[in-house]
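Shown next, in structure tokens, is the structure this report addresses.
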Amino acid sequence: MNHSITPTRRDLFHWGINGLAATAFVSLLNRETAAAPKDAKTLVPKAKRAIHICLVGGMSHVDSFDYKPELKKFHGKSLKTNEEVDLFFGQMGLLRKEDWQFKPRGDSGLMISDMFPHIAEMADDLTILRSMESKSANHTPALFLANSGFEFNGFPSMGSWISYGMGLENESLPAYVVLNDKRGAPNTGESTWSSAFLPSNHQGVVLRSGKQPVRDLFPAVKLNKETDEATRQFIRSINQEHLHRTGADAAIVDRLKSYELAAKMQTSIPEVSSFAEESAATQKMYGIHKKQTADMGRRCLLGRRLLEKGVRFIQLFSGGPVAGNPRASWDAHENVKENHTIEAGRIDKPIAALLQDLKQRGMLEDTLVLFTTEFGRTPFAQSAADKVGPGRDHNRYGFSCWMAGAGMKPGIAFGNTDEIGWKAVERPIPWHDFHATVLHLFGINHERLTFYHNGIQRRLTNVHGDILKEVLA
Amino acid sequence: MVLVNMTSFPIELFRNSFWVRRYFIDVTICVSLLLCQPANLLARQINFDKQIAPIFVSHCLECHSGAEPEGGLSLTDVNIAMNGGDSGKVIVANDAAGSLLWEQVNDDEMPPKHPLSKQEKATLKEWIDQGAKWGKSPLDPFSITTSTRAGRDWWSLKPLQNINPPQVKGSDWGSNQIDAFVLNRLQKNGLQPSPEADPRTLIRRLYFDLLGLPPTPEQVALFVAAPSEEMYQLIVKELLMSKHYGERWGRHWLDVVRFGESDGFERNFPRKNAWHYRDWIIDALNADMPYDDFVRMQLIGDQLTGGIEGAAATGFWVAGVHNTTVGGSERMKQLARQDEIEEVLATLGQTFLGLTINCARCHEHKFDPVTQKEYYQLASSISGLGHGERVEQSPGFQRTLTSIKRRLSQLQSELSVMDANASKEIIEARQAEKIAAPKPPVAMARWEFDSDFNDSIGNLNGKAIGNAKIENGALILDGQSFVETAPVQRDIAEKTFEAWVQLENLEQRGGAAISIGTRNGGVFDAIVFGERTPKHWMPGSNGFVRTDSFNGFAEEAVTKPVHIAIVYKKEGTIIGYRNGIAYGQPIRKSPIFNYKAGETEILFGLRHKPPGGNRFLKAKIHRAAFYDRALSPEEIAASAGESSKYVSEKQIVESLDRKQREQRKVIKSKIASLTVARDEVSEKANLRIYTLTAGKGKKTNVLLRGDPDNVGEVVSPAAFAAIEGLSSDFGLAPDAPEKIRRRKLAEWITHHENPLFARVMVNRIWHYHFGVGIVDTPNDFGFNGTRPSHPELLEYLAWQFRANGYRMKPLHRLIVNSSTYRQAAFGLTKTERQKAESKDASNRLLWRGNVRRLEAEALRDAMLAVTGKLNTEMGGPSFEDVSVILNKGTTYYEPIDVDGPEVWRRTVYRFNPRGGRSALLDTFDCPDSSTTTPRRSVTTTPLQSLSLMNNSFVLRMSDYFAQRVKSKAGKDETAQIIYAWRLAIARQPNEKELELSRQLVSKHGLPALCRGLFNFNEFVMIE
């Protein structure tokens, strides 16, 4: 029996919250902005913050970032397979060649299609992952998995884990901000950016336009400014009196502080949300002046401003609810050309501008840009078995994402799918590996960033996760 | 070596505590000195069972066991192990140096991540050199607790012990047995308990703990004036009798069983009839139902009492999420089903047993003695699991209903005889006078379908989709096609549909003759055939929000067209007509929907978009019309071409003599009041309940690695074997009926010999009283959970709980009567407190009362109570402070700002859909009901302060609070201020506080003070 006498980290952490003999540790934890176990952060972080562009509905990789010359050759042929294929609608038409032309881009010569002409110009800054794979070909579980490492409701999202692991850089802004597509939130709604069992201060905070950019930021009804301020003063005085009477109780001190920070947020959020100090040229670069790109342009620019102010993790969704007609997401069952032209048109220029802007400000050095989707789309059409229909079904077996910025090896494509883009064959990348790599870039050991919940020390990466060393600078 | 000590009970329980670690240091050193060194000298014989087996079990078997061991090497069985694996023989008796096993262990190659300690290595080497003699074979990986996992000797799996409270000397502190245990531990650590809290603090603590509501100033004053022991006891007794007790503790239970009122996942449909479970829980707790009955009812209430109660109680099974979009392939469906079973087993195991049995789905449990096979035995026991709604009849109400219906039908037939006679005379007179039939009303749009799909009045021309065509003056719909019109260019609220329909068959279900809807199909109203009740016409609508049965009659006509009309009135009444005559009874459900100009279209043959499923109609439509107003019965009759036979009520009344008129009036008024009574009673007599709708029990196989495509052996419904003295065998065959599987499971869980059952619940109750459980992981009494801070106390309470018939209220009484519970939070001197904090900062030893932040619900309820607005109505459908929007197949829940008595109810009655958060509750850590929440997190964030300052509910409550104070405290400002303070925090302001309050009120008014009071530490935190 090897009963170590020094308490294990788990014990310490556990008793840190609840127990004995770890007094100093307890208050340290409470004082620190990050509550995560200390030894989780063992590495020198490359990334200090990240912006995550999350495509809802499944982007076709064979039409965008995964060039497959063979697919052209086999266009109209049948993909002969005996296996039971895990599709969503289960209709397997004939193979369909790409709908956009691919070209080598930049010095790196990365093959990117004309679906994203502006992002393509930034090819030398991208690290394309061409062998992503998912466990589910169904929207909700797939989106949950991409975000939280689990296919179910009730697990903290990557942003929450990073908030938990890294803590606040700027106390007067939330650590994790969510910017939804104007057309609506993804189907999974609030659960998508939930902190689940992590303390609720790690939850994604939705920032929207209008008078209340954050829920309850200002009084719900019009109040006299002086009244508001006088009431705040009054509360402070009374609560301070209370603190005097009780002695320095950590919970009570925290409460007092929370009111100070709340007041700061009332200035810092409108400040960061205003584009007054952004030049017309900058706004134009993001495409804010054009109807098609205005929504994403605004969010990308706001994203950059939030990053500058020290927000840890920003999540931008491209696409709202997946079902419906016309589609308001990337779920191109009916017609990829039609759907993806619209969807890519909304985000291509703004994202390229974001990359360029981060780069010219030197921020790409320590900022990570993530571009992901739930799953890819099939190389064959979603149509009758003897037809080449214009739509594609979900493909969980292989698809593309990209990363850029802090600590990444730029201008490369990593991994590969088979010759038609159907399945990841060269270094398949499950989401756990993706997440492990992101945490690694933040200087966090994904096996050590844990939180006890109902019997298990939970991790973003469950019991998996291999870092993609090959894509690191 | 330490093993010997590890298995002894009390020490094992204390393993994690600090001084026990210290104790271990000493023991380890002593044992080392005494045994190891002399042992080395004497070359003692290694005992395999005691020394080697534990090493194998804790370090090797995770990979080297089972059917597919790593490297082909299994170390469970002597013969297999000695034969070796893929690399040949690994253990060469008497030759450690020549044994591959030793070589790899010595080089730290094995075990791969955590090499063996020097001591372990030495023991292993010695054992091989001594001849590698085995003891018991095969090794049982679960037999003993090791440093990495729990065995069957794990503390929480052992039978309950009857432990006497310790004799504590040198202190007269304490009121009951609990205190003896607590004081004993405090003394051993050189600590002392805090004095009793002051009466005000104490009574507030009691109220919030037991009821989740604050005491009134009067209740506080009464106790503060005479804070005797008798008075305290009396208050406790009264509170435990209060109906609010069940609401407070029911909310705790609902956290654990993750009760939510929507499906979760992509569609997240609302469950409007799930509240019966919530009400059942509250009622059962108020009735102090013994805990074993309480649990049995939730598991097999359908078999025990059946009826409404049984259906409501078994809502337990369907309280969690349910995926209704599982994809097309068989594999996806199976995976979704397995996920659901796992989710329910997780909740079941953690709720009732404090074990994470769900962790054994893909492999043996990594930390607790539960095998993968046992997981599937449990899965088999619940394999009939199904979500759905049941209609349950309440016998008493049914009897009343029958008698009302009988009386009603008598009166109706009297009336119809009277009216028929009058009508007959009128029609005869009409025919004699040759009065012209009234003209039919003019529609907004009308489709003749004679030669095209065009609107003959306006421009709502139709377009055929699919094979819809015109033939012989009728629109032919083949069940796969439909007609859609141009967008409706005006807003539509009140409306009437009319269609002359000839059905192709009477068996079809769900198609619509005519429908109006938003262009994406998210919202619609339609004349639908047979969707809910076969052969009946009904008003179709999105999510059935404006749908109910007309209780008309079954359609018979297929050879000729019938005229069907549905009228939608502004206030929400919907009336059906068939061939110009009222069809059944009007219905009224949700308010009418306002369709926006330009976003709406009319469909024929399709219930709503997108096309597909059962939404198509197979029929001929001869003609159809749409009106942007509600037609009168006369107009419907005229339009249906039945007006010559239609006599209005007015005409009838006019034709009667005075006496008959009076008589008719009396009958009519009786019918009216009986109809109201019938509807009321009918609602109570036929309850729709979202509950377990069990299917057949399924033959269940072990799924290797949890993969549905990787099928292993068949298992029988059964439990797990690790609980000492409790058989896991249900004596059932793999194909046993569903009911008996679930019954056996319920019997096993609630079995007298199941120690977890009592321990876990006692600890939960303790947890909610103190904010921290004796075991601080209330859902996990396994290896990964924490060890009890007061193991004997837990044992004592569990034993008493069981011995007293699992009644919860006596346990509450015991706890709140203890001196431990009554301690002040800030009662020690500064020196005493510093000393205590240096030893036990987080108060695990209970040297003081804990300061606790109110839970989100208690905070909201307290505001309602303080303002005097709290509506104490219990039970029934949930109140809604979110809008329910169906958009593209997904339901969105957005917080809305609502006010009024309906929403002033306690928060436990709030409609609680998953993802349907409320800004106020959310920031105060109210969990989303996606997984079981045994312990809420308590955070302090700026967003919280923002909510409590700015949320519309808080601001409104501040105004109401001020109004109340003004009306009760008179005009004097000081009196008002003092009254407000007393209402909010049960004390008067001191001089300084009064002065600050005066300054605020005089400049900014009373609402500002009230808003301030809600933000006081003392309002939000309870000592």
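In table form, for the structure just shown:
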item: Of B:LEU1009, A:SER268, B:ILE300, farthest towards positive along the dipole that unit charges on Lys, Arg, Asp, Glu beta carbons give the protein assembly as shown; result: B:LEU1009
item: Of A:ASN239, A:GLN203, B:GLN976, farthest towards positive along the dipole that unit charges on Lys, Arg, Asp, Glu beta carbons give the protein assembly as shown; result: B:GLN976
item: Residues with amide H under 5 Å from that of B:ARG623, placed H, sequence gap 5 or more; result: B:TRP500
item: Residues whose placed amide H lies under 5 Å from that of B:GLY151, excluding near-sequence neighbours; result: B:THR145, B:THR146
item: Reachable lysines from B:LYS569, criterion Cα separation under 16 angstrom, eight or more residues apart if same chain; result: B:LYS495, B:LYS589
item: Size descriptor, Kirkwood hydrodynamic radius, that averages inverse alpha-carbon separations across the protein assembly as shown, Å; result: 36.1
item: With eigenvalues of the C-alpha gyration tensor scaled by 5 and rooted, chain A, Å; result: 41, 27, 20
item: Karplus-derived 3J(HN,Hα), 6.51/-1.76/1.60, for each residue of segment A:131-136, Hz, glycine and proline x; result: 10, 5, 8, 10, 8, 10
item: Farthest positive-ward along the protein assembly as shown dipole, Cα basis, beta-carbon charges - from B:TRP127, B:MET418, B:PRO610; result: B:MET418
item: Square roots of 5 times each gyration tensor eigenvalue, C-alpha, chain B, largest first, Å; result: 65, 42, 25
item: Potential extension, B:ASP478-B:GLU599 segment - 0.36 nm per residue separation minus Cα distance; result: 40.9 nm
item: 5 angstrom amide H check on A:VAL178, placed H, neighbours 5+ away; result: A:VAL205, A:VAL206, A:LEU207, A:GLN315
item: Distance (nanometres) between label positions extended 7 Å along Cα→Cβ at B:ASP452 and B:ALA486; result: 1.1
item: Point-to-point label distance, B:ARG406-B:ILE465, nm (Cα→Cβ direction, 7 Å offset); result: 5.2
item: Within segment A:339-355, backbone nitrogen closer than 19 Å to the virtual label 7 Å beyond the Cα of A:THR282 toward Cβ; result: A:349-355
item: For segment B:244-258, Karplus couplings with θ = phi - 60° (6.51, -1.76, 1.60), whole Hz, Gly/Pro x; result: 5, 4, x, 5, 5, 7, x, 4, 4, 4, 5, 4, 5, 8, 6
item: Spin-label zone in segment B:490-519 - amide nitrogen under 13 Å from a point set 7 Å from the Cα of B:SER590 along the C-beta vector; result: B:518
item: Charge context of B:THR691, other residues only, Cβ under 9 angstrom, K/R +1, D/E -1; result: -2
item: Rounded FRET efficiency, nearest 0.05, which uses the C-beta distance separating B:GLU556 from B:ALA429 and R0 of 30 Å; result: 0.40
item: Residues A:GLN233 and B:GLU229, FRET efficiency given R0 of 41 Å [Cβ-Cβ distance, rounded to 0.05]; result: 0.45
item: Calculated from backbone phi, Karplus (6.51, -1.76, 1.60) coupling profile of segment B:957-974 in Hz, x at Gly/Pro; result: 5, 4, 5, 4, 4, 4, 4, 4, 4, 4, 6, 9, 9, x, 8, 5, 5, 5
item: Segment B:762-898 - Debye-derived log10 I(q)/I(0), Cα point model, q = 0.11 Å⁻¹; result: -0.67
item: Dipole magnitude (debye, nearest 20) for chain B, charges at Cβ of Lys, Arg, Asp, Glu; result: 2200
item: Distance (nanometres) between label positions extended 7 Å along Cα→Cβ at B:ALA803 and B:ASP679; result: 5.8
item: For chain B, calculated [θ]222 nm from helices alone, where every DSSP H run of n ≥ 4 adds -39500 (n - 2.57); result: -12000 deg cm²/dmol
item: About the Cα centre, charge dipole magnitude for the protein assembly as shown (Lys/Arg +1, Asp/Glu -1 at Cβ), debye; result: 2540
item: Point-charge dipole on Cβ atoms (K/R +1, D/E -1) for segment B:445-640, about Cα centre, debye to 20; result: 460
item: Cα-based convex hull volume of segment A:376-427 per residue, rounded to whole Å³; result: 105
item: Length gained when the stretch A:SER108-A:LYS264 is fully extended (0.36 nm per residue, less Cα-Cα span); result: 51.6 nm
item: Sum of -39500 (n - 2.57) over DSSP H runs of 4+, divided by residues of chain A (222 nm, nearest 500); result: -10500 deg cm²/dmol
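Throughout, read-outs are computed from the coordinates displayed, never taken from laboratory work. Since the structure is predicted, the reported quantities are computational estimates derived from the model, not experimental observations. When we count neighbours, we look across all protein chains shown, and the Cβ atoms used for this are built from the backbone with ideal geometry, even at glycine.
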